[in-house]
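Working notes for the structure below.
Each value in this text was obtained by applying a stated rule to the coordinates, not by laboratory testing. Quick caveat, the model's predicted, so the values are computed rather than measured. Note that each Cβ is placed from the backbone with ideal geometry, even for glycine, and that neighbours are counted across all protein chains shown.
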Amino acid sequence: MSIMSEDMAPEDWQAMARRIAKELNEDKVSGVVVTQGTDTLHYSTAAISFFLRHLNKPVVFTAAQRSIDRGSSDAFSNLLCAVHAAGKFDGAAVVTCLHGTSNDDYCILNRGTKVRKMHTSRRDAFRPINELPLAKVYENGNIEILNNNYNKRNDGKVTVNDKFEHKTALLYVYPGMNPDVLDYYLEKKYKGIVIAATGLGHVSTLNPKNSLVKKLKELIDKNVAIVIAPQTLYGRVHPYVYSPLRKLSIELNCIFADDMLPETAYVKLGWVLPQTKNIEEVKEMMLTNYAGEISERTDEKAFLY
């Protein structure tokens, strides 16, 4: 494509999904390696995780934090490990394969819906969030499984479900946020908004000046899906612990996205919305685990990894 990753759009995810599916459904390949810039890599891996249904082989995304003209480039090791993973990893999953440490020790495979770029420049910038990595991959081809929670290779045929609702937004709340910000999404007739909320899923509800409740209700009354995801990244939102959370979940019918990353929830919502206009069905689909995006339980070691 010869574009910067920050310039990518859903149309590019769709093009990748169709090409990857074509390759996977031919018997000539053991897996597929996709190279992309790092900045929006976790958006792409989330998108491909949802767009490709009935995955049968590994789809391995790799990248480089440092360009190949630098002595410290991680490109060569990442690509070598990614090819080993595509050929030998026994999973049928969309994963990233990038440095596991700042040295050339090994690469780690992270689930495409549970990974995030967590540093601007370190070679081990990509970290698993709310779960352990799936495996370590070494340059000599050895693969060490760390987390067996993934689907295995199979002989099925991959299908593509890549419709995406462009009028989907991701919005971070912050102290003192003016509720009028939400008027833009009303005026532009957006279909869904993921709100990266504080703590367990909080937005301002009690401060008369900054409460988002009225504006959120206007959006919901217009059949706009409102999804609450954790701004903290680690941990999960909860719809009932505090009374403001119950106001959002019970009174307004906001959808609490459990431990989904905000970026993953945004991509998933954009994928769900073309499939149904019924808010209850949107809620059911958002809370259905399609590609490992929701963890039933979180290993306590995941936060420290």
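Here the sum of -39500 (n - 2.57) over DSSP H runs of 4 or more residues, divided by the residues of the chain, equals -7500 deg cm²/dmol at 222 nm, to the nearest 500.
Using the per-residue mean of other Cβ atoms lying within 10 Å as a proxy for protection, in what order, highest first, do the peptides 180-186, 164-170 fall? Don't skip to the end; give the middle numbers.
Working: 180-186: 14.6, 164-170: 18.1.
In decreasing order of mean packing, 180-186, 164-170 become 164-170, 180-186.
Tally Lys/Arg at +1 and Asp/Glu at -1 over every other residue whose Cβ is under 14 Å from the Cβ of residue 32; what's the total? Net of charged neighbours comes to +4. For residue 167, the shell of other residues with beta-carbons less than 9 Å away shows a net charge of +2, using +1 for Lys and Arg and -1 for Asp and Glu. Annotation: average projected area of the stretch 213-276 is 4.5 square nanometres, based on the convex hull of Cα atoms across all directions.
Hydrodynamic estimate: the Kirkwood radius of the stretch 5-160 over Cα pairs, inserted into Stokes-Einstein at 25 °C and 0.890 mPa s, corresponds to D of 161 µm²/s.
May I ask for the angle, rounded to the nearest 10°, between helix 262-272 and the longest principal axis of the chain, with both axes built from Cα atoms and the value confined to 0 to 90°? So the inclination is approximately 80 degrees.
At q = 0.08 Å⁻¹ the log10 of I(q)/I(0) for the chain amounts to -0.36, computed by Debye summation with a single uniform scatterer per C-alpha, solvent ignored. Count Lys and Arg as plus one, Asp and Glu as minus one, and take only other residues whose Cβ is under 13 Å from that of residue 91; the net charge is then +4.
Relative to the longest principal axis of the Cα atoms of the chain, the long axis of helix 10-24 lies at roughly 40 degrees.
Which links in 167/215; 188/277; 136/167; 188/214; 217/268; 117/157 stretch past 26 Å when you go from one Cα to the other? If you can, show how the numbers build up before the last one.
Working: 167/215 18 Å; 188/277 17 Å; 136/167 38 Å; 188/214 18 Å; 217/268 22 Å; 117/157 31 Å.
Pairs exceeding 26 Å: 136/167; 117/157.
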